[in-house]
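The values are calculated or read from the model by the stated rules, or taken from the named source; none is laboratory data. Every value quoted in this text rests on a predicted model; they were computed, and no experiment measured them. Here Cβ is always computed from backbone atoms with ideal geometry, including for glycine, and neighbour counts include all displayed protein chains.
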């Protein structure tokens, strides 16, 4: 066995829930700790621990990301009423991803992982489409209310001098619901700059889309801030790089995306990005074949899998049944975080190891060895294996390439 790669600065490691938590440990045991003297600042973001700490551990993990600069996160449960009962929770805790994004004020970039034997459902897409998702505010910080009787709902703002501004939301003649949400110009400006910088770094066109024709203040503010920053700071840089920025309505963007050949960055507001990244992932093949990174204005990076905790497989696992759960997105969260740590700390061996491990995973799938979800999509000869066997196959190729 060759000497392990040494790390200088720890990664912030955020453990998660259910099947992805199991896979998290398997990846470390099979593909990471045999090769790397893995240094992490560990936070258990499993639902039980979040409940025990009144969700303070999520805040601590986000603050640690600010300290160390790079984090890797396992998929976590955002509890609904059924989960509150199942896990006997104190309350319906908020999304840990939403909490972390609010603290880091970052932008989420999600890009499909491409393999030759899985073709996109949209036949014209021959290059990956990256979704840039604003990761602050909107419904993820929304305040909701159920209305059970007649009455008037108002939007009220009281400024620091005590002046009050009101807008009538609706005169209710019966029961209904209300939601109030917000955003900050500063956060939108950070989102815009992150998107422009990422487009320059990738040398790809940038699209931005909202529904400003309907939302003439909220959505229109996003549009105006993007345009102002582009004209003042990025127009000449984009021209020099030979790339384009343009704005369009969200419904027009959807039509353009379907007709495109890919190879661009599509910037979306928070909820739009949540939905569209799932659509892009599914159309390219699988949510488990999606890279995801949260980038803050200060240069903090948090890598994660874009999918959920794979509950159905976890219940099978608890019964002792074999599962064929795709670990690729979780693996690439680790490799991406390790690569960034290596780049920041000047550890070329760590960067090269991350590249080789990703290539070994792609080579395994392209050799026809894959989990069940991919076998349903892939062309040519294929062999379905369980999760552990798939990781061992990757390890065999990694060893062949690194010995």
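Tabulated values for the structure
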{"item": "Tally of residues being surrounded by fewer than 10 Cβ atoms within 10 Å (Cβ to Cβ) and part of a loop (DSSP other than H, G, I, E, B) across the range 158-202", "result": "7"}
{"item": "Test result for residue 13, surrounded by 21 or more Cβ atoms within 10 Å (Cβ to Cβ) and not in a helix (DSSP H, G or I)", "result": "yes"}
{"item": "Subset of the range 236-259 [assigned to a helix (DSSP H, G or I) and loosely packed, with under 14 Cβ neighbours inside 10 Å]", "result": "236, 239, 240, 251, 252, 255, 258, 259"}
{"item": "Selection within the range 41-66 - without any contact (Cβ under 8 Å) to a residue 40 or more places away in the chain, farther than 17 Å from residue 20 by Cα and in a helix (DSSP H, G or I)", "result": "52, 56, 57, 60"}
{"item": "Checklist (1) in contact with a helix residue (DSSP H, G or I) (Cβ under 6 Å, 6 or more places away or on another chain); (2) modelled with pLDDT of 90 or more applied to residue 242, failing item", "result": "(1)"}
{"item": "Restricting the range 62-78 to residues that are more than 13 Å from residue 296 (Cβ to Cβ) and buried (at least 21 other Cβ atoms within 10 Å of the Cβ), the residue that is modelled with the lowest pLDDT", "result": "77"}
{"item": "Residues that are surrounded by 18 or more Cβ atoms within 10 Å (Cβ to Cβ) and not in a helix (DSSP H, G or I), drawn from the range 383-403", "result": "385"}
{"item": "Residue 274 crowded, with 16+ Cβ neighbours inside 10 Å and either in the same structural domain as residue 138 (by TED's automatic domain parsing) or in contact (Cβ under 8 Å) with a residue 60 or more places away in the chain (or both)", "result": "yes"}
{"item": "Any helices (runs of 4 or more DSSP H) falling wholly within the range 306-374 and containing at least 2 residues that are touching a strand residue (DSSP E or B) at 6+ places or on another chain (Cβ under 9 Å)", "result": "328-345, 348-366"}
{"item": "Condition met for residue 217 (out of contact with any helix residue (DSSP H, G or I) (no Cβ under 9 Å at 6 or more places or on another chain), modelled with pLDDT of 95 or more and over 30 Å from residue 122 (Cα atoms))", "result": "yes"}
{"item": "Qualifying residue in the range 274-294 (condition: farther than 30 Å from residue 83 by Cα and either within 13 Å of the chain's Cα centre (by Cα) or at pLDDT below 95 (or both))", "result": "yes"}
{"item": "So residue 125, is it closer than 28 Å to residue 337 by Cα, without any contact (Cβ under 8 Å) to a residue 60 or more places away in the chain, over 14 Å from the mean Cα position of the chain (by Cα) and not in a helix (DSSP H, G or I)", "result": "no"}
